[in-house]
1. Within the range 181-202, which residues are open to solvent by less than 30 Å² (accessible area, probe 1.4 Å), of a type outside the set (Asp, Glu) and either modelled with pLDDT of 95 or more or assigned to a helix (DSSP H, G or I) (or both)?
2. Which one is surrounded by the most Cβ atoms within 10 Å (Cβ to Cβ), of the residues in the range 116-158 that are among the charged types (D, E, K, R) and in contact with a helix residue (DSSP H, G or I) (Cβ under 7 Å, 6 or more places away or on another chain)?
3. Only one residue in Gly233, Gly211, Gly226, Gly205 is without any contact (Cβ under 8 Å) to a residue 60 or more places away in the chain and loosely packed, with under 12 Cβ neighbours inside 10 Å, so which one is that?
4. With the structure loaded, tell me whether Ser178 is under 30 Å from Gly205 (Cα atoms) and part of a helix (DSSP H, G or I) or whether it fails that test.
5. Could you tell me whether any residue of the range 40-56 is farther than 30 Å from Val145 by Cβ, open to solvent by 90 Å² or more (accessible area, probe 1.4 Å) and free of Cβ contacts under 8 Å to residues at least 12 places away in the same chain?
6. Can you tell me which residues in the range 106-132 are β-branched (Val, Ile, Thr) and more than 25 Å from Asn148 (Cβ to Cβ)?
7. Please find, within the range 45-82, the residue that is nearest to Glu29 (Cα to Cα) out of those that are within 30 Å of the chain's Cα centre (by Cα) and hydroxyl-bearing (Ser, Thr, Tyr).
8. Among the residues of the range 17-34, count how many are surrounded by fewer than 18 Cβ atoms within 10 Å (Cβ to Cβ) and touching a residue at least 40 places away in the same chain (Cβ under 8 Å).
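The values are calculated or read from the model by the stated rules, or taken from the named source; none is laboratory data. None of these values were measured; they are calculated from a predicted model. Here Cβ is always computed from backbone atoms with ideal geometry, including for glycine, and neighbour counts include all displayed protein chains. Surface areas here come from the heavy atoms of the whole protein model, side chains and all, with no ligands, DNA or RNA. Shrake-Rupley method; radii C 1.70, N 1.55, O 1.52, S 1.80 Å.
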Amino acid sequence: MSKIFTPTNQKLLTNVVVVKLKKGGKRFEIACYKNKVVAWRSKIEKNLDEVLQTDTVFVNVVRGEVAKVTDLKKVFNTDDRNKICLEILEKGEFQLSEKERQSALSNKFTEIANCISNMCINPTTERPYPVSMLEKAMKDAHISVNPNRSAKQQALEVLKTLKESIPIERVKMVVRVSMSQSDAKKCRDKIKAMYISITTEDNDGQFEIVGLSEPGNYKPLAELVGKHSRGKGMCEVIGVQDNSELDVLK
């Protein structure tokens with residue numbers, strides 16, 4: 001009886017999500033469990049073994065064609081399959097089923113609403129918005145989300161749209177600036193003008209100031225400090241306005 005011969009560079013897998021990455025003029029693929037790629041990228045799943053069906057790197061998962069070690073070394077500068085799989089998992093493209101896509105969109109929608117609730121308040125009540133109320137406002141504004149982009153990045157964009165329909169403002173930041181007295185003489189007044197209120201100001205030795213500032217002022221403030229201190233000064237966010245007493249059910 002003749003035996004069926006399976007080439008050594010073939011490994012057949014089924015019921016998988018394929019993540020593909022084009023790099024160095026070649027295509028590489030990895031086989032992952034369903035629902036796990038989105039969970040990994042959302043930082044929900046952190047165990048790589050729960051994501052990968054195998055750490056084998058393929059040229060074509062469906063046909064079971066395994067990538068050559070020489071190609072992996074040339075393109076990724078390593079033959080460490082875990083490192084290669086991680087890069088493909090982070091940067092590669094993949095397709096979701098309709099059910100998975102809707103679930104990913106729903107989760108990202110809620111995640112964005114959570115981000116906005118944590119970093120914003122209703123200026124009228126000085127309280128954070130409940131997540132459910134923000135989700136409704138987002139739906140009313142016909143906000144669409146991208147499941148592959150970070151929730152924080154999208155939250156800042158969504159916030160601009162929400163300002164057109166509801167009263168909402170970013171929570172003020174607690175910012176500390178520190179630089180030499182000689183450098184501070186050139187920009188002290190400009191620095192202080194970027195604060196809403198000043199908690200402490202120290203002029204003994206180093207010039208140091210701590211207070212509340214609008215989030216939009218942080219970048220120009222940091223640039224001002226960097227310019228006049230020639231990169232030796234410091235501008236850092238050390239906290240946010242204390243709204244701990246403004247608890248709200250979410």
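1. Ala184, Ile191, listed by residue number.
2. Per the criteria, the residue is Glu135.
3. From the options Gly233, Gly211, Gly226, Gly205, the qualifying one is Gly205.
4. Answer is no for this residue.
5. no
6. The answer is Ile121, Thr124, Thr125.
7. Of everything passing the filter in the range 45-82, Thr56 is nearest to Glu29 (Cα to Cα).
8. Matching residues across the range 17-34 total 5.
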